[in-house]
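Every number here is computed from the coordinates shown, using simple stated rules; none is lab data. Predicted model only: the values in this text are computed from it and were never measured. Please note: Cβ atoms are built from the backbone with ideal geometry, for glycine as well, and neighbour counts cover all protein chains shown.
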Amino acid sequence: MGERLFKKCRAFLCQRRFQVIRFYFLLYGITFFLVLPLLCCDLRHSVYNFRSRSSNQEERRLRRENDERLAKNEPIVQMYADLLSKSNKSPPLLHSEHIDVGITVVTVSRNRKYEGGYQPRHLTQVLGRLVDLINITNTELKYGIFLCNVDGHPDSYREATSLNPTFTTFQKFKGKQAKFVDIFEKEKMDYIYCIEETLKRNASNVFMIEDDSYPHKDLFLVLEKVISYPEENQKTNNVTFIKFYHPERLLGYLSLQLERLPEMFALGAVFGTILVVPVCLYLFKESDSDVRLLWILSALYFSLGALAIGRVNLIELRRFSAHMYQVTPAASCCTQAMFFPQDGARSIVKHLKEVTCKKGYGKDMALEEIRGRGHYKALMVQPNLFIHTGLFSTLRRGMVNPFLLG
């Protein structure tokens, strides 16, 4: 009698488990082979982004977006220039006294590099955007906007020279042509020069922005959340620098950054737990061991879903509020938008002067080595608060693969 009852119970449990496995098999199949491919086929950085596009198509798209940004921001720069002219401010600053944040846009000419005489005018876009965002942000911080022209042929850089009367300008090279060392070492020396000139303007913090880095509308809202209340956020105490941009292709879950995979599995665990509750209550009445199986299958379902959609796309949801942006340890690579507290800026300048950059060892690698050697603290804000827009690389002296942008 007991043996017969045991066999019936085992058969019942096997049948239940079969139903569970069949349910999840259908759920996985419908999600990963039907729903997500349809929803994510045009989503960048998704595993389903199979649609082929030529480099020419991508370049045309980027140029169209560039022209739209220029059309929006050129009038802002002109209105700002007219306002300064009427108020007789020269040289102009948003604030002429002590500055909380000195924003320095580092620029070299890219306009003369594009084929067919195309004029992207990245510098005008960035300056117009910064002026507009500062004016519409409700802030008590005092900002100064500076232009750091490090072009080796400054007199022929017409876009920058036309902006000199409007923005306080640091110009490293004088005259028509400058002779300089290795291009990577020059970039490092230019960076040092721009930081030092900003510090001379009595700036408590230095925000270095490269001229092909276009700010997001949340920039100053998030910046002030990160830096204004260090006593409430121990994470931002004693920081050497904070990155506000990192290439999107390097922001995925499959990364050398230690927090990425745990983040994916944590997301799967949270949403998996939410899914298990209705599955257990309404679809199946399971034993404790089977509930654990359900939870594992549900957590794996959401973890794989997150991987398939792409972390870059999922963290865009954090833009819902300035409070939701994520601050993590900084990854190596790239210096498009770097924020330095005054002490951090001085430390970085001191150490950068002690190293020599060359091909394969740019200033971003030097910064990473300095950080590691000196045990300095560096952070990164995600999602990105800048868009990298430049199609011409001044370091590589050639056009950038358009698939690496945007």
Whole-Hz Karplus ³J(HN,Hα) for the range 187-196, in order, using 6.51 cos²θ - 1.76 cosθ + 1.60 and θ = phi - 60°, x for Gly and Pro? 4, 5, 5, 4, 4, 4, 4, 5, 5, 5
Sorted from largest down, what three extents in whole angstroms do the Cα atoms of the range 114-216 have along their principal axes? 43, 34, 25
Could you give each residue of the range 377-388 its phi-based ³J(HN,Hα) in whole Hz, using Karplus coefficients 6.51, -1.76, 1.60 with θ = phi - 60°, and x for Gly or Pro? 9, 9, 10, 9, 9, 10, x, 4, 10, 9, 10, 7
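Between Thr273 and Ala71, what's the calculated FRET efficiency when r is the beta-carbon distance and R0 is 60 Å? Round to 0.05.
Numbers: r = 49 Å, r/R0 = 0.81.
Once the sixth-power term is evaluated, E becomes 0.80.
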Full-stretch length increase - Asn164, Val291 - with 0.36 nm per residue and alpha-carbon distance subtracted: 38.9 nm
Whole-Hz Karplus couplings 3J(HN,Hα) for the range 324-340, θ = phi - 60° and coefficients 6.51, -1.76, 1.60, Gly and Pro as x, run 9, 5, 9, 10, 10, x, 6, 8, 6, 5, 6, 9, 4, 8, 10, 9, 10
Considering the options Ala345, Gly252, Leu317, tell which one lies farthest towards the positive end of the dipole of the range 243-378, charges being +1 on Lys and Arg and -1 on Asp and Glu at the Cβ, about the Cα centre. Ala345
Ala322 versus Lys359: modelled label distance in nm, points set 7 Å from Cα along the beta carbon direction: 4.5 nm
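Subtracting the Cα-Cα distance from 0.36 nm times the residue separation, let me have the gained length for Asn56 to Leu300 in nm, one decimal. Write down the numbers at each step before the final one.
Working: separation 244, 0.36 × 244 = 87.84 nm, distance 3.91 nm.
Taking Asn56 through Leu300 to full extension adds about 83.9 nm, to one decimal.
How do 246-256, 196-206 rank on mean C-beta neighbours within 10 Å, highest first?
Final packing ranking: 196-206, 246-256.
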Can you list residues whose amide H is under 5 Å from Phe386's amide H, if they're 5+ apart or on another chain and H is modeled 1.01 Å from N? His216
Listed by chain and number, the residues whose amide H is under 5 Å from that of Thr169, excluding neighbours fewer than 5 places away on the same chain and using placed H, are Leu147
Here is the link list: Lys186/Lys363; Lys217/Lys363; Lys86/Lys174; Lys72/Lys225; Lys174/Lys243. Which ones come out longer than 20 Å on Cα distance? Lys217/Lys363; Lys86/Lys174; Lys72/Lys225; Lys174/Lys243
